[in-house]
Amino acid sequence: MRRVEPDIALSQPSGDEIKTTTCYMCACRCGIRVHLKDGKVRYIDGNRDHPVNKGVICAKGASGIMTHTSPSRLRAPLKRVGPRGSGEFEEISWDEALATATGWLGDVRARDPSRLAFFTGRDQSQALTGWFAQQYGTQNFAAHGGFCSVNMAAAGLYTFGGSFWEFGEPDWEHTRYFLLFGVAEDHASNPIKTALGKLKGKGVKFVAINPVRTGYGAIADEWIGIRPGTDGLFVGSLIHELMRAQKIDLDYLVRYTNAAWLVIEDKGSPDDGLFARDAEGKPLAFDRFAGGLADAARPGVSPALTGTFKLADGRSARPAFALIAERYLADEYAPEKTAAATGVPAETTRRIARELAHAAFEQQVTLDIPWTDSTGRRHEKTVGRPVSMHAMRGISAHANGFQTCRAIHLLQIVLGSIDCPGGFRYKAPFPRPAPPANRPAKPSKPGTPLSGAPLGFPQEPNDLLVDRDGTPQRIDKAYSWDAPLAAHGLMHMVITNAANADPYPVDVLFLFMANMSWNSSMNIPAVLKHLTATDPATGEYRIPKIIYSDAYASEMVAYADLILPDTTYLERWDCISLLDRPISGPEGPADAIRQPVVEPDRDVRGFQSVLLDIGARLKLPGFVTESGAPRYPGGYADYIVNHERAPGIGSLAGFRGADGQAYGRGAANPNQLNAYIEAGCFHQHKLAPDQLYYKHANPAYLEWAKQMGFIGEAKPVVFQLYLESLQKFRLAARGHGAVVPPPGARARIERYFDPIPFWYAPFESETDDAGGFTFSAITQRPMHMYHSWGTHNAWLRQVTAENCLYMHRGRAVQLGIADGDWVWIASAIGRVKGRVRLMEGVNPDTVWTWNAIGRRAGAAALSPDAPEATRGFLLNHLITELLPEREGGYRFSNSDPITGQAAWYDLRVSIEKVATGEARETSPRFEPLPALPAREPEAAL
Amino acid sequence: MTSLPEASAKKLGLVIDLDTCVGCHACATSCKEWNSNGYSAPLTDDDAHGGDPHGTWLNRVHSYEVGDGAESRTVNFPRSCLHCETPACVTVCPTGASYKRASDGIVLVNPDTCIGCKLCSWACPYGAREYDHGDGTMKKCTLCVDRIYNETMAPEDRVPACVRACPTGARHFGDLGDPQSAVSILVAERAGFDLLPEFGYNPVNKYLPPRARKDREVTPRAIEAPLRAGPGSNADRFFAWVDKALSR
Amino acid sequence: MHPAYSVIVFTTASGAGYGLLIWLSAGVALGLVPRTPALGFTGLGIALSLVTLGLLSSTLHLGRPERAWRAFSQWRSSWLSREGVAAVATYLPAGALGLGWVFGETMPGQVTTAAWLAIAGSLVTLWCTGKIYSSLTTIRAWNQPLVPPVYIALALGTGGLLACALLPMFGADARWAAAASVVSLVVGWVLKRRYWTAIDSAARTHTAEAATGLGHLGTVRPLDPPHTQPNYVMREMGYQVARRHALKLRKVAVGLLFLMPLALLIWLLAPLPAFAQLTLAIAAVLSGVIGVLVERWLFFAEAEHVVVVYYRGGAA
Ligand SMILES: Nc1nc2c(c(=O)[nH]1)N[C@H]1C(S)=C(S)[C@@H](COP(=O)(O)OP(=O)(O)OC[C@H]3O[C@@H](n4cnc5c(=O)[nH]c(N)nc54)[C@H](O)[C@@H]3O)O[C@H]1N2
Ligand SMILES: Nc1nc2c(c(=O)[nH]1)N[C@H]1C(S)=C(S)[C@@H](COP(=O)(O)OP(=O)(O)OC[C@H]3O[C@@H](n4cnc5c(=O)[nH]c(N)nc54)[C@H](O)[C@@H]3O)O[C@H]1N2
Ligand code: SF4
Ligand code: SF4
Ligand code: SF4
Ligand code: SF4
Ligand code: SF4
Ligand SMILES: [Mo]
């Protein structure tokens, strides 16, 4: 019989129109193409020209349609009508919503602006929100960094003026050996995946250091199933071995770091442990050729890295490097000594050290790129040590994360691999001076702006925001003795502190895009109580007013009094700015916009435009013209184009100047957004070849960066292996200086503010082993879910609608636990029920689950019997926000003592099988949230 | 048309690299996205926001653990139609809706003639066919037949949606009938294999096995020499070396 | 495999219908039953109704029943298509038989010829039905040579039971039918036991290790499923009945489908008043019907599709 095949339309267009914009299914900021059909979104794929994703797209990005059409979308401003937390709301007009917000905020500003706590989540408009806080006059501003990864940002910025964490990346093209510490996904979601694919193709060795072997770990050439919180020891042992093997790049240390700077040794004196400086304050080194002290930065100095030297005043001093080497060569960092704690066999550690040394020193990369360094020396070639690393929350979400991250940077630096071919590479606007120059602004008076940005980088006790008696001046106690270098604030403490009026109460809590009554808080049962706690005397809520902007019906919505509904990411203008968190690559700075590809079909407004509107209504300086009219009547798009941070420098660096020809600095260009749209909604500037490497000591780059306004001075960035700032806090703990810690905090500062990176046990493991909490409990991000954003996406939730507790098979068998059993997971503060899945690829002392799958019944427009609510669970209920009482009854937050980074992954738990007959569903379960008032949800696509 | 065509010269298919796949599901959702509106539309979802969310997908990603203890490893495993050369899913079809294209070997379901008897899904050992309740017909990977020849698209976009999406580059598309094609060469180099060859369906799609791990690699031990040599403490030896090295 | 009721009803009802058709045809062709129009009308009516009911029920299983006619086109390769063609084709001799029986022959030998053709058509159809299942290499419990014979034997057995109940109503002698049923059921029982032994002892050679091609690296165990809620493939092909449960149900099936009817039939062979005969026969039919439904349910529920190894690991 003749086979007749049906005719198929092989060339149907993907839509009527394709618009470019920037994805926001996560914060990776990939370029996407949105294919529209009949005015509706039909298909989304990656933009091939885009520097971030180069055409690929992830599971979330490709599911954008379902987020954009989710029935969970808010539809109109809401006013709370029932008790807080009941979820009872009434739709109101924008006029009423804005008038209410302005009324509340204006009142507070006139009385005491610090009574506004304004905290924003993972948005990408901190340049605007921070500026709003500054002009409003509240120091109580931060974004989510404090609970996210300030340890990464701060450790890098204080150490070498850059960071993993979006400020830099491995030189994927040339690297020959790659270590990945504690990363499941990260914000460089697509770029890391693309890069790993390339490394695998080239046979470059990739080592995953992670208690769990999934995702990236699955394709690693070697998996090191380290015990949580012990990476500092493992890295210390690698440094130990490299030093013992004499595989250290001494030239690099001398050229680019403070290794040779002399550290004063004078126990008890106020400058013990500080750098010896000359009369002008320049750090000194010992010049081996001249045989005397010299300005460490002077070209031609041949500084000593070992030895003890006499200072002019007769005291002795030693090169910082000698102190560092002594620490790491000590027995406590010997692989045999660290093996028990880390779970990494000594032979493995030694082998990795050997392989690192081999890659760094025997496989040097030489590129045909001539450049001139900051001492004026011309290099005909650019030479690099092709060893690279990346680390994220597996390191940062522990209370020892700052020092551990510094240790990783120390490892990179002793191998000579920062900003060289094959090593780690900065992304503009980094590097910046280390430590960063800007300090946090102090509180202001009623009705006045702050003198500067609320967030900054303290370098000494004077920079702290504390009263004379040490009382914190910020609601989250950032920049206090609890967390002196809390460069991103402590968003995870705001609700607790505000409800406890510790250190003082707030009048208005204003939150944006963070699900603070659920997956982004610790100890949720307590947080829910705080949010609804009332003052017995007045009957008023302890947190009197809560304004919240979300785009979806999240758990947090139920706890706010006024809801400002945001648009979806496909319906608004946004700006991914060099002033904030841009999309730069090592080849050059890049920024991007988001354009509304469809108009909202609900009564919602972009939050940034709303914030500009509120600012104008409050008549905040900068938000209004001389005459008091709104300065940016066109909303956020108007601001993006016309707002200038410094003369000629605005939100977007591309297409500036009246003719759109200027880059970086130039007059506002009224046509700028169109120019971006035409260019695919991004702009990338390519650095010249001689600017590409060694940017920290490369005048060709530094001069240019200064012109662009990235840095104040074109001075080389000197890596701070020995971090003097920390010693200054320590000296204060010893009683030196005007600003000293209260007695209860002294021992803590003394212990943790070590200027040389070191390892200490995370706090929970110190306290909780006794309680039988013998497992570390951690979470991982599923690659296809973005926190709670994924669970209302009709496609993504099919992939994961419930989570399990993963356990090591051998350990489970010992405990009589079988695959599929339900267990109680208990910590010192509570217990959660979940179902067990057994696996081999997990550290035996660790249990873990996928993050933020569990949801409260009724949230996110899911039916109350959704698996997310009945079987999915959060470990957050078990994570304490406050450490046990110590030092006179005081409870420090469960955070890194240096930066205030939330220590999510220090959690310790016990695991016990549920009794027979117990319900096979999760616990605790909270009162289901009712549906929000809404017209019939539209049928999904 | 249930009869299979004469073996086609062109055998379009996918090559999936299990050594590179991180299990991110990008291929699964981008497939769902493209095909929800393309040739395979609709791909129905049931109870999308309710207690039992499930729907029709043409590509799904498993995650396995293989082996025990220190020898174990995690392998992510995407699974879609393999466009077999001699598949029973075609021959069992009573209506001829299920067919294999003579020109390029793509196995398709004619959405206009399928009666939704599900027999073909029983005949497929790979679980590659999914019945769509909403539409009452059988769905399966189309190898994005409405993309790969699509003249309204840029030539570099004329690849399956899953291949275009895959961030790690673990998916390759091409003509496995041409021994000189990039995919054929890849399969030859990396010992690409068939799933369940004993069924005799002769899958066109190939899988590339995970490579041997490099967790035992021996770099020259010479690097360790200084570790053992010489008197004094670790620090003494190290400092002596530093001094010597710096004065060179 | 998911035991879909539409398919269970289809195979059992049409099976019994063809069985009855075969026995009536044989009876009339061999002169064992009187050619009374009433018997012909009722008997063939019941047989063809059951067949039709079964075929209609099978369309309930279709996503697009309105297109069911398309299923006749692929008889060259598809057993399902062949079954459809054979089923439709069998209506012709069955119709000719019915017309000749009820209204009298228009051609000499019409009844006899049509009866033999109807028997052949029915057997072919039943064979095709069995082949739909037994040709699927993906399902070990079905991919057995005994499947079509069992289908035929059980069709003859259940059809025979119907005949035993029907014939006495028209005053016809049912003993030959009882004997035929006993033989069919005994054969069916033997075959079915062999079948069960065969599927119980069949090695589960399709492993997750082979299915993923990862066996050289060790045992393959699922870590995370592609989707946390069951999908079509698992709902349809991942249906599992506990072994304990299945063994119990096998006993129920044996009891109701074979033992009980056989006992009743043997009793039936004894001289009994017509009323008692009828009661026994009806009891045998009821027992057999329930028995065959259980048997057919088990035929699906016990069958494991190879695809489950991707989802559960292990072997199938
Ligand atoms: N146990 C545990 N807890 C953790 C972590 C962990 O690893 N383990 N990780 C922590 C970290 S690093 C982080 S960053 C936090 C993240 O926690 P959150 O920042 O709270 O993350 P989401 O759940 O994504 O919540 C953000 C909110 O933004 C809303 N939203 C989404 N899109 C938009 C939009 O376009 N506009 C507006 N206005 N709102 C929108 C969502 O509906 C959601 O309510 O979780 C922290 N919590
Ligand atoms: N798909 C997706 N992408 C995201 C997010 C998301 O929710 N979904 N969230 C975004 C956000 S807000 C952030 S902050 C980033 C975070 O990105 P990641 O840093 O990748 O975040 P986590 O998933 O928390 O991964 C932490 C990893 O560290 C491991 N780990 C835990 N403790 C330790 C330890 O002590 N040592 C070591 N070596 N490893 C450890 C965990 O097993 C886990 O694999 O991801 C961003 N990207
Ligand atoms: S990685 Fe993030 S930004 Fe990029 S496509 Fe995925 S969701 Fe979108
Ligand atoms: S994989 Fe399954 S559906 Fe695809 S051709 Fe092979 S047998 Fe048919
Ligand atoms: S479901 Fe459709 S394609 Fe599959 S066998 Fe039946 S008619 Fe053919
Ligand atoms: S080729 Fe197309 S239809 Fe097939 S799995 Fe890939 S995206 Fe889906
Ligand atoms: S997109 Fe690529 S890496 Fe991701 S699951 Fe699919 S094949 Fe694997
Ligand atoms: Mo985060």
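Miscellaneous remarks
- Between region A:436-501 and region A:296-349, the C-alpha centres lie 34 angstrom from each other.
- Stokes-Einstein translational diffusion, the protein assembly as shown - Kirkwood Rh over all Cα pairs, 0.890 mPa s, 25 °C, in µm²/s: 69
- Three-way shape label, region A:763-913, alpha-carbon gyration tensor, a/c 1.5: oblate
- Contact order relative to length of region A:715-847, as percent, for alpha carbon pairs under 8 angstrom and 6 or more apart: 20
- Computed label-point distance, nm, for sites A:THR372 and B:VAL218 using a 7 Å Cα→Cβ extension: 5.0
- Distance between modelled label sites at A:LYS442 and A:SER863, nm, 7 Å Cα→Cβ extension: 6.1
- Pairwise centroid distance, computed over Cα atoms, of region A:207-281 with region A:37-102, Å: 44
- Under 5 Å, built H, 5+ apart or other chain: amide partners of A:LYS686: none
- Three-way shape label, region B:12-208, alpha-carbon gyration tensor, a/c 1.5: rounded
- DSSP bridge pairs, chain A: antiparallel proportion in percent, nearest 5: 65
- Stokes-Einstein translational diffusion, chain C - Kirkwood Rh over all Cα pairs, 1.567 mPa s, 4 °C, in µm²/s: 63
- Here the spin labels are modelled as points 7 Å beyond Cα on the Cα-Cβ line, and at C:LEU269 and B:GLU71 they lie 6.2 nm apart.
- Ligands, DNA and RNA excluded, the heavy atoms of A:TYR177 present near 10 Å² of accessible surface to a 1.4 Å solvent probe.
- Centroid-to-centroid separation of region A:828-886 and region C:209-265 [C-alpha atoms, Å]: 33
- Ordered by solvent-accessible area of protein heavy atoms (1.4 Å probe), largest first, the residues B:THR152, A:THR257, C:THR228 come out as B:THR152, C:THR228, A:THR257.
- The accessible-area ordering, largest first, of the residues C:LEU55, A:LEU562 stands as C:LEU55, A:LEU562, per a 1.4 angstrom probe.
- Å² of accessible area per residue within region B:110-248, as computed with a 1.4 Å probe and no ligands counted: 39
- Protein-only accessible surface order, largest first, of B:GLU71, A:GLU750 at 1.4 Å: B:GLU71, A:GLU750
- Per-residue SASA remark: A:GLU703, around 100 Å² accessible (1.4 Å probe; ligands, DNA and RNA not included).
- Lysine-lysine proximity count for region B:12-208, Cα under 13 Å, sequence distance 8 or more or distinct chains: 5
- Rounded FRET efficiency, nearest 0.05, which uses the C-beta distance separating B:ASN202 from A:ARG111 and R0 of 60 Å: 0.15
- In order along region A:226-233, the phi-based Karplus estimate (6.51 cos²θ - 1.76 cosθ + 1.60, θ = phi - 60°) of 3J(HN,Hα) comes to 5, 7, x, x, 10, 4, x, 5 Hz; Gly and Pro are listed as x.
- Remark: mean inter-chain Cβ contacts per residue of B:211-223 equal 6, using a 10 Å Cβ-Cβ cutoff to other protein chain atoms.
- Under 17 Å from the Cα of A:LYS202 - lysines, other chains or at least 8 residues apart: A:LYS193, B:LYS214
- Taking 0.36 nm per residue of sequence separation and removing the Cα-Cα distance, the A:ALA675/A:LYS715 pair yields an extension gain of 11.0 nm.
- C:TRP116 - accessible surface, heavy atoms, 1.4 Å probe, Å² rounded to 10: 120
The values are calculated or read from the model by the stated rules, or taken from the named source; none is laboratory data. None of the values given here were measured: they were computed from a predicted structure. Here Cβ is always computed from backbone atoms with ideal geometry, including for glycine, and neighbour counts include all displayed protein chains. Ligands, DNA and RNA are stripped out before the accessible areas are found, and what is left, the full protein with its side chains, is counted by its heavy atoms. Shrake-Rupley method; radii C 1.70, N 1.55, O 1.52, S 1.80 Å.
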